[in-house]
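Following: one structure in structure tokens, then a few remarks.
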Amino acid sequence: MKLFAIFGDPVAHSRSPLMHNTVFKNLHYDACYTRVHLLDGSKLRETFFALGLSGANVTVPHKEEAFKACDEIRGFAKKVGVVNTIVNENDKLIGYNTDADGFIYAISEFENIKKVLILGAGGTAKALSAKFLEESWDVSVLNRSENRLGYFKSLGCTCFTWDSFKLEEYDLVVNTTSAGLKDDNLPAPSEMIENILNHTRYAADAIYGKVTPFLQCAQNKGLTSKDGAAMLLGQGILANELMTRNELSKEDIHRFMQESFLY
Ligand code: NDP
């Protein structure tokens, strides 16, 4: 039997074991997926081998440490220096990042996206902006404060703080701030959010497990939207496909992983 795990701190809340085990069970794939509470990210590699893992996911705060722990990095992870999926190929650790690709997969039914506004300038915004630019989308970033905008300017994004914001027409607005996660805040002043949502076709939120005030506002306006569960599902499907080395079909993985969200 193959063994997989998610490394994180904290990790108790992670939905990944349920998501992946539901796929394995329903597709009769001889594997088990567990969680590892890893305090020291520098111990990731030795813990991976000590447990005899065939693959792993990595979550906060060890994604950058995971990049360093791998023997080879493939795909989008190279660009962002952050790894969320590790595959054991003949005792070599191959690192991937499925977070941003998972988001693109999750919004594949959103049509004709060309111009995107990202709310927030943290780690999630970094990965998504790099991916969106790769897709040749026009990317703007709106953040509460100026500090973190330098990275996005260097990528070629149009950057605003709340004070300098100039409204344009967008195809998609994505909330990557943590506003609404543990409070009832909007990611920017209420009037600004109302205006933005009046000038976009689609909305998405990285937060999952609740309808945030941002998503509620988008839904009230009748916008087609996705919550963070779609992003979580998307990265999980792509990670499962990599970890099982394409032995399972993406459609089957999708079907059963989605089913796990009903539990
Ligand atoms: P970071 O801590 O790296 O960045 C947080 C960002 O949010 C910063 O830009 C910060 O602005 C902004 N912010 C925080 N509080 C507020 C507020 N009250 N109003 C406006 N802006 C605010 O976070 P991450 O990028 O790691 O994560 C962001 C969110 O995405 C989290 O809620 C996380 O749960 C979720 N997430 C979901 C995933 C999924 O699979 N669905 C995957 C990864 C993350 P400032 O610079 O001014 O401080």
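Things worth noting here:
- Scan the range 179-195 for residues that are among the small types (Gly, Ala, Ser), more than 7 Å from the ligand (Cβ to nearest atom) and within 23 Å of GLN235 (Cβ to Cβ) and the total you get is 1.
- Unique match (being closer than 22 Å to THR98 by Cβ, aliphatic (A, V, I, L, M) and either touching a helix residue (DSSP H, G or I) at 6+ places or on another chain (Cβ under 7 Å) or away from the ligand (no atom under 12 Å from the Cβ) (or both)) among LEU128, LEU117: LEU128
- Taken over the range 148-165, the criterion of being out of contact with any helix residue (DSSP H, G or I) (no Cβ under 9 Å at 6 or more places or on another chain) and in contact (Cβ under 8 Å) with a residue 24 or more places away in the chain is satisfied by LEU149 alone.
- Check on VAL173, outside any loop (DSSP other than H, G, I, E, B), under 16 Å from the mean Cα position of the chain (by Cα) and within 16 Å of the ligand (Cβ to nearest atom): yes
- Hey, ALA66 open to solvent by less than 10 Å² (accessible area, probe 1.4 Å), in contact (Cβ under 8 Å) with a residue 12 or more places away in the chain and touching a Gly at 6+ places or on another chain (Cβ under 7 Å) or not: yes
- Going through (1) out of contact with any His (no Cβ under 9 Å at 6 or more places or on another chain); (2) within 24 Å of VAL60 (Cβ to Cβ); (3) open to solvent by 10 Å² or more (accessible area, probe 1.4 Å) one by one, LEU233 falls short only on (1).
- Test: residue in the range 196-210 that is more than 10 Å from the ligand (Cβ to nearest atom) and at pLDDT below 95: yes
- When the residues of the range 216-243 are filtered to those that are within 12 Å of the ligand (Cβ to nearest atom) and in contact with a strand residue (DSSP E or B) (Cβ under 6 Å, 6 or more places away or on another chain), the one that is nearest to SER108 (Cα to Cα) is LYS226.
- Which numbered condition THR98 misses (of (1) polar (S, T, N, Q); (2) away from the ligand (no atom under 12 Å from the Cβ); (3) buried (at least 17 other Cβ atoms within 10 Å of the Cβ)): (2)
- Considering (1) under 17 Å from THR176 (Cβ atoms); (2) more than 16 Å from the ligand (Cβ to nearest atom); (3) not in a loop (DSSP other than H, G, I, E, B), the lone condition that TYR151 does not fulfil carries the number (2).
- Looking only at residues of the range 130-158 that are open to solvent by less than 40 Å² (accessible area, probe 1.4 Å) and in contact with a Leu (Cβ under 7 Å, 6 or more places away or on another chain), we find that the one that is modelled with the lowest pLDDT is ALA130.
- If you go through the range 227-246 and pick out every residue that is more than 13 Å from the chain's Cα centre (by Cα) and not in a helix (DSSP H, G or I), you end up with 3.
- Search result, residues across the range 26-62 that are without any contact (Cβ under 8 Å) to a residue 40 or more places away in the chain, at negative phi and open to solvent by 30 Å² or more (accessible area, probe 1.4 Å): ASP30, CYS32, THR34, ARG35, HIS37, LEU39, ASP40, SER42, LYS43, GLU46, ALA50
- When ALA5, ALA69, ALA31, ALA50 are checked against the criterion of being of a type outside the set (Val, Ile, Thr), within 28 Å of ALA130 (Cβ to Cβ), more than 15 Å from the ligand (Cβ to nearest atom) and more than 20 Å from the chain's Cα centre (by Cα), ALA69 stands alone in meeting it.
- Of all residues in the range 110-129, those satisfying the criterion of being surrounded by fewer than 23 Cβ atoms within 10 Å (Cβ to Cβ) and at pLDDT below 95 are GLY122, GLY123, THR124, LYS126.
The values are calculated or read from the model by the stated rules, or taken from the named source; none is laboratory data. Every value quoted in this text rests on a predicted model; they were computed, and no experiment measured them. Note: ideal-geometry Cβ built from the backbone for every residue, glycine included; neighbour counts use all protein chains shown. Surface areas here come from the heavy atoms of the whole protein model, side chains and all, with no ligands, DNA or RNA. Shrake-Rupley method; radii C 1.70, N 1.55, O 1.52, S 1.80 Å.
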